[in-house]
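Enquirer: Let me give you the structure first, and then I'll get to my questions.
The values are calculated or read from the model by the stated rules, or taken from the named source; none is laboratory data. Just so it is clear, the structure is predicted and the values come from calculations on it, not from any experiment. As a convention, Cβ positions derive from the backbone with ideal geometry for all residues, glycine included, and neighbour counts pool all protein chains shown. All accessible areas refer to the heavy atoms of the entire protein, side chains included, with ligands and DNA or RNA removed. Shrake-Rupley method; radii C 1.70, N 1.55, O 1.52, S 1.80 Å.
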Amino acid sequence: MSAPATYRPAPGEIPTSPGVYRFRDVHGRVIYVGKAKSLRPRLSSYFQDLANLHPRTQTMVTTAASVEWTVVGTEVEALALEYSWIKQFDPRFNVKYRDDKSYPFLAVTMGEQFPRAQVMRGAKRPGTRYFGPYGHAWAIRETLDLLLRVFPIRTCSAGVFKRAGQTGRPCLLGYIDKCSAPCVGRISPEDHEQLAQDFCDFMAGDTQRFVRRLEKRMQEAAANLEYEQAARLRDDVQALQRALEKNAVVLGDATDADVFAMVGDELEAAVQVFHVRGGRIRGQRGWVVEKVEDVTDAELVEHLLQQVYGGEDADGSGVPREVLVPVLPPDPQQVMAWLTGLRGAKVDVRVPQRGDKRELAATVRANAEHALALHRTRRAGDLTTRSQALRELQEALDLESAPLRIECYDISHTQGTYQSASMVVFEDGLARKSEYRSFSIRGPEGDGARDDTAAMHEVITRRFRRYLADRSRSGELELEPDLESGEVDAAAEAAAPEQKQRFAYPPNLVVVDGGPPQVAAAKRALDELGITDVALCGLAKRLEEVWVPGEEYPVILERSSEGLYLLQRVRDEAHRFAIAQHRRRRSKGMTSSVLDGVPGLGPARQKVLLAHFGSVKRLRAASVEEIASVRGMGTATAQAVVAALNPPSGGTAGADGEAAGMLGA
């Protein structure tokens, strides 16, 4: 923990212009990003008497070791740069918006030659139109099944599409007229693309045009005494009307709006949004927010709008004409200017006061209240217990500060083979899966370690050697870099963005799965590298004893202790991750081929060779010239293949190699 006065910049150095600022810890890691209309008063507010600061702000400024800022031209630029840096650095003291589930979208891949309609989750892809999000994937499939009568666009995967084209027979949907079968040429690429565009227009709210068009064709068919065709068109109209009935009109005048609501307390909040397009609710989405920084509801709304509309995949198409919020952001004109720039047309941000929009906002708020109640039921006291667990570990292990970053290591193998190790990371008591790492144990001879203690020594050595190397590469030869507060140039930042180092940040506490032997091996590795500022302990499975280096007796935590529960969670997660990595290596080893070790012969060339000769047995009998004549092979590679398949020792090795080769094939 550091005193803010040690890195406080002189007030005269800080400009009064709009800008974005970053606080860094002693390891150079960005821990907080903020923006300000005027940087000088905002930054000065962090360096007042600690007693006057909010507890979470106190923790942030005492964890930090430097502050830097970037001046921008306008407040709108500051808003965009702040969001960009929050996404880039993921600062632990900024508000975290976590989806309460991974919401599915109805996606149409307009970038493909034959667009495909499908359910998609996760990051959005360029060239794809998205509709939703929906509460359940089955709701998308139900709607899609109705609309395929009228818009029979492709829904099959690339593999099914390719096989249908090769056989000349469409899939079942092609036979029941729910697919126009572009795979077998029943429709041209241009006509299919127009069909997909009509489907997108209907989903975007332009519904009546297609209903009227079908009704007109139905009447014309009936007038021409084509009653079967008229009946089919009647069924199509009914299918469209049933799809429309699933989304009843909630706002008149075909309004496009996103309606937000927020319910919470000082520690957390639940956020819900209804996406209304063409007056109908097209999707719903929710987040649970942990307030790790001291923010007002207005600031929370501003961060929320950044989260929803400022993503890397944002192209402005998702920004509606109206954004209805429970509280206006601190500077609504600035936010509206930013959203208008994204959309390319005016966007109105306001609080609904009366009528249908206020009633809909009340409904969204009721959903947020329900989501918060459900979240609290699932994670009752979680925020409190996490803090309590870290505090208990600090006291039990006699640490200078709470172990905000914990790394745990475990070894997994099968009778000494396929030795694998895991490194899992917990920050603030929560798993940080993006920083998990796995290791393949090599040993001194390259065939694995002699036992678990040697494997643990190797893993700790490799992890912290990489840490020292990463710090050295970044120009910081000392474990604690000499950080200075001051201004940074935005253009230089953009030209040379910070590179994420895989092992650049040391943990506060290292936990190893095991007792005194494993702890001693890890301690020896740290001492050999000169690492003295990282705490170490081991958790033995039998009696859940906590072992500290150099101590004759273990530290005993109460069975009901939150600190022990956190250590158990960390240890069990490391065990699970190690077993998963071990199984992957073992599965790969069981399907290996004798051709795997041939220099210059990768999987693609192996496949070509086996396809040409039919089996490893025939390949073994082939000459260098015959192998070299295969497409993609050269004389040197052919000689290496012959040498690998016909070793000088012959006999058993060849038989084993053939069995392995056939299994790999």
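Enquirer: Would you be able to tell me the number of residues in segment 522-553 that are open to solvent by less than 20 Å² (accessible area, probe 1.4 Å), out of contact with any Phe, Trp or Tyr (no Cβ under 7 Å at 6 or more places or on another chain) and under 17 Å from His575 (Cβ atoms)?
Expert: 3
Enquirer: Restricting attention to segment 326-350, which residues are part of a loop (DSSP other than H, G, I, E, B) and either touching a Ser or Thr at 6+ places or on another chain (Cβ under 9 Å) or loosely packed, with under 14 Cβ neighbours inside 10 Å (or both)? So that I can check it myself, show each step before the final result.
Expert: Quick first cut of segment 326-350, residues part of a loop (DSSP other than H, G, I, E, B) only: 326-331, 344-347.
Val327, Pro330, Gly344, Ala345, Lys346, Val347, listed by residue number.
Enquirer: Considering only segment 520-541, how many residues are in a loop (DSSP other than H, G, I, E, B) and more than 34 Å from the chain's Cα centre (by Cα)?
Expert: Qualifying residue count, segment 520-541: 1.
Enquirer: Out of all the residues in segment 542-560, which are of a type outside the set (A, V, I, L, M) and in a loop (DSSP other than H, G, I, E, B)? Spell out how you get there, then give the answer.
Expert: Of the residues in segment 542-560, the ones of a type outside the set (A, V, I, L, M) are 542, 544-545, 547, 549-554, 558-560.
If the condition is that a residue be of a type outside the set (A, V, I, L, M) and in a loop (DSSP other than H, G, I, E, B), then Arg542, Glu544, Pro549, Gly550, Glu551, Glu552, Tyr553, Pro554, Glu558, Arg559, Ser560 are the ones that fit.
Enquirer: Let me ask something else about it. Please go through (1) open to solvent by 30 Å² or more (accessible area, probe 1.4 Å); (2) modelled with pLDDT under 85 for Gly429 and return the number of the only condition it doesn't satisfy.
Expert: (1)
Enquirer: A further question follows. One residue is enough: does segment 3-18 have a residue meeting the conditions in contact (Cβ under 8 Å) with a residue 12 or more places away in the chain, within 20 Å of Thr59 (Cα to Cα) and either in contact with a Pro (Cβ under 7 Å, 6 or more places away or on another chain) or among the hydrophobic types (A, V, I, L, M, F, W, C) (or both)?
Expert: yes
Enquirer: Hey, could you check segment 159-181 for residues that are closer than 20 Å to Asp145 by Cβ and part of a loop (DSSP other than H, G, I, E, B) and say which is modelled with the lowest pLDDT?
Expert: Of everything passing the filter in segment 159-181, Asp177 is modelled with the lowest pLDDT.
Enquirer: A follow-up question, please. When segment 534-563 is examined, which residues are found to be farther than 14 Å from Cys408 by Cβ and of a type in the set (A, V, I, L, M)?
Expert: Within segment 534-563, Leu543, Val548, Val555, Ile556, Leu557 qualify.
Enquirer: I need every pair where a residue in segment 301-312 that is polar (S, T, N, Q) has its Cβ under 6 Å from the Cβ of a residue that is at pLDDT below 85 and outside any helix (DSSP H, G or I), sequence separation at least 6 or different chains.
Expert: Every condition considered, the pairs that remain are Gln307/Tyr97.
Enquirer: Further, regarding this structure: Tally up the residues in segment 182-241 that are touching a helix residue (DSSP H, G or I) at 6+ places or on another chain (Cβ under 9 Å), of a type in the set (S, T, N, Q) and either part of a helix (DSSP H, G or I) or open to solvent by 60 Å² or more (accessible area, probe 1.4 Å) (or both), please.
Expert: The total comes to 4.
Enquirer: Is it the case, given these coordinates, that Ala345 is under 20 Å from Asp297 (Cα atoms) and modelled with pLDDT under 90?
Expert: So Ala345 does not fit the description; no.
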